[in-house]
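As structure tokens, the structure follows; a few thoughts come after it.
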Amino acid sequence: MPRRRPGALRAERSPRSGRSSPPPERIHGLSARTSVAIDRVERLSGDYYVHPGATDRALRRYRAFPQPPGRRPRYPRDAECSCRGCSFEDVRHARDVLAEVLRQLPPRSRARPARQVRALDAGYAERTPPDPFAADRQWRSDLWWRRRPTGGPG
Ligand SMILES: [Zn+2]
């Protein structure tokens, strides 16, 4: 008997109208337990930009930004549209989402993803030169990842 795809099984178990939702996809590099905690934050958050799947997407975006590896500086760019999907074009938005999710996570679930974000912070900091005029021209320049020059070759 052929094995069925997990997606097909899941669809059967939780009909659209059902009260129970399927367990969230495990986020790359994080435990199932942490992924569940993050899913809970995403579902219960009142923040428009923190929605189911947002953390995973933010991590992917943030991880991909300094790629390919090298010395060439990278410049964050404004998103063309401020909806929750398009906003991820701006890598700084991805970091904002991660900051907000970390803030909302219970302390016992926060350590591992916080460590993951710190590691990615190092890669971001290395590739983005600081902007000495950030206070005048960057929105939310109190956030270190926003004190970076914008635009230029992507
Ligand atoms: Zn949009």
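Working only within the range 30-40, note down all residues that are surrounded by 15 or more Cβ atoms within 10 Å (Cβ to Cβ) and either among the acidic types (Asp, Glu) or within 12 Å of Pro113 (Cα to Cα) (or both).
Leu30, Thr34, Ser35, Ala37, Ile38, Asp39, listed by residue number.
What are the pairs, 6+ residues apart or on separate chains, where a residue within the range 131-151 that is touching a residue at least 40 places away in the same chain (Cβ under 8 Å) and on the phi > 0 side of the Ramachandran plot has its Cβ under 9 Å from a residue that is assigned to a loop (DSSP other than H, G, I, E, B) and aromatic (Phe, Trp, Tyr)?
Matching pairs, first to second residue: Gly151/Tyr75.
Out of Arg40, Arg33, Arg26, report the one residue that is in contact (Cβ under 8 Å) with a residue 40 or more places away in the chain and over 25 Å from Trp139 (Cβ atoms). Can you show your working first?
On the way: Arg40 fails: in contact (Cβ under 8 Å) with a residue 40 or more places away in the chain; Arg26 fails: in contact (Cβ under 8 Å) with a residue 40 or more places away in the chain.
Only one candidate passes the filter, namely Arg33.
Suppose the filter is exposed (fewer than 13 other Cβ atoms within 10 Å of the Cβ), at pLDDT 95 or above and away from the ligand (no atom under 16 Å from the Cβ); does Arg43 pass it?
Values: exposed (fewer than 13 other Cβ atoms within 10 Å of the Cβ): yes; at pLDDT 95 or above: yes; away from the ligand (no atom under 16 Å from the Cβ): yes.
Here the answer is yes, as Arg43 does meet what is asked.
Looking at the range 75-85, is at least one residue at pLDDT 95 or above, surrounded by fewer than 19 Cβ atoms within 10 Å (Cβ to Cβ), more than 25 Å from Tyr124 (Cα to Cα) and out of contact with any strand residue (DSSP E or B) (no Cβ under 9 Å at 6 or more places or on another chain)?
no
For Arg61, which of the numbered conditions (1) of a type outside the set (Val, Ile, Thr); (2) within 16 Å of the ligand (Cβ to nearest atom); (3) assigned to a loop (DSSP other than H, G, I, E, B); (4) closer than 17 Å to Trp145 by Cα fails to hold?
So Arg61 meets the others, but not (3).
Between a first residue in the range 78-107 that is within 16 Å of the ligand (Cβ to nearest atom) and a second residue that is aliphatic (A, V, I, L, M) and part of a helix (DSSP H, G or I), which pairs have beta carbons less than 6 Å apart while being 6 or more apart in sequence or on different chains?
Final answer for the pair search is Phe88/Ala94; Ala94/Ala58; Val97/Ala54; Val97/Ala58.
The values are calculated or read from the model by the stated rules, or taken from the named source; none is laboratory data. In this text, all values refer to a predicted model and were calculated from it rather than measured experimentally. Note: ideal-geometry Cβ built from the backbone for every residue, glycine included; neighbour counts use all protein chains shown.
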